[in-house]
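Undergrad: After the structure tokens below, expect a handful of questions from me.
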Amino acid sequence: MSLIATLHTARGPIRVELFVDKAPLTVANFVNLVRHGYYDGLNFHRVIADFMIQGGCPNGDGRGGPGYRFEDECRGDLRHDKPGVLSMANAGPGTNGSQFFITHVATP
């Protein structure tokens, strides 16, 4: 099962697919933050051409988060094998919060 979400940005909408059955905690966290307006007005603070964009930091510098962390939901069948893959950005195992990135290219 998956959900479709649309991120409304200054450069246009970005549609993303969220895999509830493969990353239930991650999807629940993302949806909860969206519903509470957490991402409203935030910028993509990290943009690397031909690689990825990263957002979700309330400080705008990659150091902020929602004040909690949660465990990784890594799966071998979910890969960064094409442009447009959305994943949580973190500072190491178990440090997921609000930051996420979207690939521009395959990054296997």
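Undergrad: When residues of the range 17-32 are filtered for being crowded, with 17+ Cβ neighbours inside 10 Å and in contact (Cβ under 8 Å) with a residue 40 or more places away in the chain, how many remain?
TA: To start, the set of residues in the range 17-32 that are crowded, with 17+ Cβ neighbours inside 10 Å comprises 18-19, 23, 26-27, 29-30.
Of the ones still in play, those that are also in contact (Cβ under 8 Å) with a residue 40 or more places away in the chain are 18-19, 23, 26, 29-30.
So the answer is 6.
Undergrad: Among the strands (runs of 3 or more DSSP E) lying completely within the range 11-88, list those that include at least 2 residues that are touching a strand residue (DSSP E or B) at 6+ places or on another chain (Cβ under 8 Å) and of a type outside the set (A, V, I, L, M, F, W, C).
TA: Details: elements: 12-19, 44-48, 52-55, 86-88.
Hits in the range 11-88: 12-19, 44-48, 52-55.
Undergrad: Out of everything in the range 34-58 that is small (Gly, Ala, Ser) and surrounded by 17 or more Cβ atoms within 10 Å (Cβ to Cβ), what residue ends up being nearest to residue 106 (Cα to Cα)? Explain how you work it out, then say what you get.
TA: Let us first name the residues in the range 34-58 that are small (Gly, Ala, Ser), namely 37, 41, 49, 55-56.
When the remaining residues are screened for being surrounded by 17 or more Cβ atoms within 10 Å (Cβ to Cβ), the result is 55-56.
On the way: 55: 19, 56: 22 Å.
This residue is 55.
Every read-out reported here was derived from the displayed coordinates using simple, explicitly stated rules and does not represent laboratory data. Computed from a predicted model, the values in this text were never measured in an experiment. All Cβ positions, glycine included, derive from the backbone under ideal geometry; neighbour counts span all protein chains shown.
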